[in-house]
Amino acid sequence: MIKLETLKQRSRKRMGQVETIVLKKALHVIELSYEEGVFVQISSGYRSWEEQAGLYGQGRPDYVWNGKAYGSGGPIVTYARPGESVHNEGRAVDFFLVTRDGTKALWEVDENWRRVAEIAKSLGFRWGGDWTSFRDYPHLEWPESRKATLKRGDTGAGVSEIQRRLDALGYCLQIDGRFGPQTEGVVKQFQEDHAVDVDGIVGPVTKELLGLN
Ligand SMILES: [Zn+2]
């Protein structure tokens, strides 16, 4: 029988830079399922915008993004463009099952598969198999958390929203959902321009000035 640690190891490698809570909860899904004799692995987690463009291009041969061709053949696998997938925010993982010895992937949405989805939901995930339009059975998504204060090191939709506002106000920065040095620098510039405390942290005052309350 495959070891629990092996399943977790393989999954960690595939998840990339997902949010910490998502990483913890996904590993917990693997553990709880293992206790019930169901063997789960994560196939993907965080996805860059470029990777998303590659996926969106599948089944859309003429697809061009940012001046680069990403189109290819085969069936359509996603309806989310770069930046539109929660995978781009590090808030989602995709899972699949493996055989007891861990050598073969199992993609059939059977009783075990649904049991994993139940476990994931009990831990707070939303399951793509519950969606009404395009059912995405491997997909587990963590609900967005609205933080009161955002600062360097934070990621996610809240950060993208701030970046979009700053961009709309004429500040030059990349909208990638990552609060890195560039975003911090722009926030400081914005604070300086508005004669408030220059700390590079988006708290209540800065949010208010950005029109985000
Ligand atoms: Zn997914």
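None of the figures in this text is laboratory data; all of them are computed from the coordinates on show. Small disclaimer: the values here were computed from a predicted structure and weren't measured. Cβ sites come from the backbone with ideal geometry, for glycine too, and all protein chains shown count toward neighbours.
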- Place the peptides 57-65, 135-143 in order of packing, highest mean first, counting for every residue the other Cβ atoms within 10 Å and averaging per peptide. 135-143, 57-65
- Query: Got a sec to turn the phi values of the stretch 160-169 into Karplus ³J(HN,Hα) couplings, 6.51 cos²θ - 1.76 cosθ + 1.60 with θ = phi - 60°, whole Hz, x for Gly and Pro?
  - Reply: 4, 4, 4, 4, 5, 4, 4, 4, 5, 7
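With all distinct Cα pairs included, what does the Kirkwood hydrodynamic radius of the stretch 1-99 come out to in Å, to one decimal, could you say? Don't skip to the answer; put the middle values down first.
Values: mean 1/r = 0.0689 Å⁻¹.
Computed over the stretch 1-99, the radius equals 14.5 Å.
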- Query: For the stretch 109-114, in order, what is each residue's ³J(HN,Hα) by Karplus, 6.51 cos²θ - 1.76 cosθ + 1.60 with θ = phi - 60°, in whole Hz (x at glycine and Pro)?
  - Reply: 7, 10, 4, 4, 4, 5
- Query: What ³J(HN,Hα) values, in whole Hz, does the Karplus curve 6.51 cos²θ - 1.76 cosθ + 1.60 give for the stretch 23-38 when θ = phi - 60°, with x put for Gly and Pro?
  - Reply: 4, 4, 5, 5, 5, 5, 4, 4, 5, 5, 5, 4, 4, 9, x, 10
- Note on the structure: Under the rule rounded for a/c under 1.5, else prolate if a/b exceeds b/c, else oblate, using alpha carbon gyration tensor axes a ≥ b ≥ c, the stretch 145-213 is classed as rounded
- Report, by chain and number, residues whose modeled amide H sits under 5 Å from the one on S44, excluding near sequence neighbours (fewer than 5 apart, same chain). D94
- Query: Using alpha-carbon positions, what is the distance between the centroids of the stretch 167-181 and the stretch 27-54, in Å?
  - Reply: 29 Å
- Query: How would you rank 95-108, 17-30, highest first, on the average number of other Cβ atoms within 10 Å across their residues?
  - Reply: 17-30, 95-108
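Sorting check: for 5-11, 66-72, 150-156, which peptide has the highest mean count of neighbouring beta carbons within 10 Å, and how do the rest follow?
Details: 5-11: 15.7, 66-72: 12.4, 150-156: 17.9.
Highest to lowest by the protection proxy: 150-156, 5-11, 66-72.
Which of the pairs K8/K121; K68/K104; K13/K188; K24/K147; K147/K188 have their Cα atoms more than 24 Å apart in this structure? Can you show the working numbers first?
On the way: K8/K121 19 Å; K68/K104 36 Å; K13/K188 35 Å; K24/K147 19 Å; K147/K188 19 Å.
Table pairs above 24 Å Cα-Cα are K68/K104; K13/K188.
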- Would you kindly calculate the translational diffusion coefficient of the stretch 85-154, applying Stokes-Einstein with the Kirkwood radius from alpha carbon pairs, for 20 °C and a viscosity of 1.002 mPa s, and quote it in µm² s⁻¹ without decimals? 156 µm²/s
- Message: Among V40, G158, V198, which residue has its Cα furthest toward the positive end of the charge dipole of the chain, with +1 on Lys/Arg Cβ and -1 on Asp/Glu Cβ?
- Response: V40
